[in-house]
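Read-outs: derived from the displayed coordinates by stated rules, not from any lab. Owing to the predicted nature of the structure, the values given are computational and were not obtained by experimental measurement. Because the Cβ atoms are built from the backbone with ideal geometry, glycine has one as well, and the counts that use them run over all protein chains shown.
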Amino acid sequence: NSTLYLVPTPIGNLQEMTPRALDVLKQVDVIAAEDTRNTKKLCMAYQIQKPLISHHEHNQATSIPEILILLEQGKQVAVVSDAGYPLVSDPGQRLVKEAIENDFNVVSLSGANAATNALVASGLSTEHYLFYGFLDNKSSRRKKQLDELKDFPYTMIFYEAPHRIEDMLQDCLEVLGNRNIVLARELTKVYEEYIRGTIEEVLEIVSSLKGEMVVLIEGKRQETKIFDMKAALKQVQALVDEG
Ligand code: SAM
């Protein structure tokens, strides 16, 4: 039976390609890639020679049927994106849905993902969290999205393009207030760095930061009940009076 393999690729450090991921890429008949030029480079680094077909957001109407036909013919197909997991803020969701509906096996491999890397080293709560991915590019829509999240009590994880980080943080400050955040920058690469502070503190230095970043924002703080001294004294007095 044909299988569609979802193969994560490194988010920076080439050593994070697992032996299994390499085996799968070597064994499949075709690799469906978000950007065939990038995947060609990756394949060259590992001496993998496979036919590549292009599968991205703008050609799905033709690339998905093409891949389904290959699976129908008994071919094994791997899906990769430019970095990390396909389908995680990357193309592939519609393809997987169609593959499942057409009764093909779908297998996902373990591997690199920027959000998880960033979360576990952030120092923010990991008990529950929300992966949001990209907010809208437009400030007005972005603020609306943030407004829907403003009471969310757990850690929130966002992806953002480097040139939009400052504007995004300005909107976060305006809508969410001055919370603790972490910028996880250049993960798995030479200049990997975690910048921790309040949104205001991070905004002071953000324009000097380059490279890819994950933004993690602390959830809304639980309101700590302020101890009502007057009520407590009343209760004690009532006990004394009774007693
Ligand atoms: N599919 C990928 C994954 O599984 O993590 C995410 C792809 S998404 C198009 C790209 C975004 O992921 C970047 O804008 C950035 O927010 C984040 N990202 C990817 N690689 C990163 C890295 N090495 N360090 C920090 N953030 C990274």
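Below, the figures for the structure above:
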| item | result |
| --- | --- |
| Reciprocal of mean inverse Cα separation for the chain (Kirkwood radius, Å) | 20.6 Å |
| Whichever aspartates and glutamates have a C-alpha closer than 14 Å to that of LYS144, once near sequence neighbours (fewer than 8 apart) are set aside | ASP136, ASP171, GLU174 |
| Spatially proximal lysines relative to LYS143 (Cα-Cα < 21 Å; intrachain offsets below 8 disregarded) | LYS220 |
| Calculated [θ] (222 nm, deg cm²/dmol) that DSSP helices of n ≥ 4 give over the chain, each run adding -39,500 (n - 2.57) | -11500 deg cm²/dmol |
| Relative contact order, percent, the chain [alpha-carbon distance under 8 Å, six or more residues apart] | 20 percent |
| ³J(HN,Hα) computed for each position of region 22-29 - Karplus, 6.51 cos²θ - 1.76 cosθ + 1.60, integer Hz, glycine/proline x | 5, 4, 5, 4, 6, 8, 5, 7 |
| Amide proton proximity set for PHE134, modelled H, under 5 Å, gap of 5+ | TYR159 |
| Net length gained if the chain between ASN59 and GLN145 were fully extended (0.36 nm per residue, minus Cα distance) | 28.2 nm |
| Backbone N within region 59-73 under 13 Å of label point (7 Å from ASN102 Cα along the Cβ vector) | 61-73 |
| Neighbour-count order for SER208, SER110, fewest beta carbons within 10 angstrom listed first | SER208, SER110 |
| Karplus (6.51, -1.76, 1.60) ³J(HN,Hα), θ = phi - 60°, over region 83-96, in Hz, Gly and Pro reported as x | 7, x, 7, x, 6, 9, 6, 8, x, x, 4, 5, 4, 4 |
| DSSP bridge orientation in the chain - percent antiparallel, rounded to nearest 5 | 45 percent |
| Amide H partners (placed H, <5 Å) of GLY84, local residues excluded | THR9, ILE11 |
| Chain lengthening between GLU242 and GLU204 when straightened (0.36 nm per residue, less Cα-Cα) | 7.7 nm |
| Amide proton proximity set for ILE53, modelled H, under 5 Å, gap of 5+ | ILE31, ALA32, ALA33 |
| Stretch gain in nm, segment GLN27-LYS189, where the contour uses 0.36 nm per residue and the Cα spacing is subtracted | 55.5 nm |
| ³J(HN,Hα) computed for each position of region 120-129 - Karplus, 6.51 cos²θ - 1.76 cosθ + 1.60, integer Hz, glycine/proline x | 6, 9, 6, x, 7, 4, 10, 5, 9, 7 |
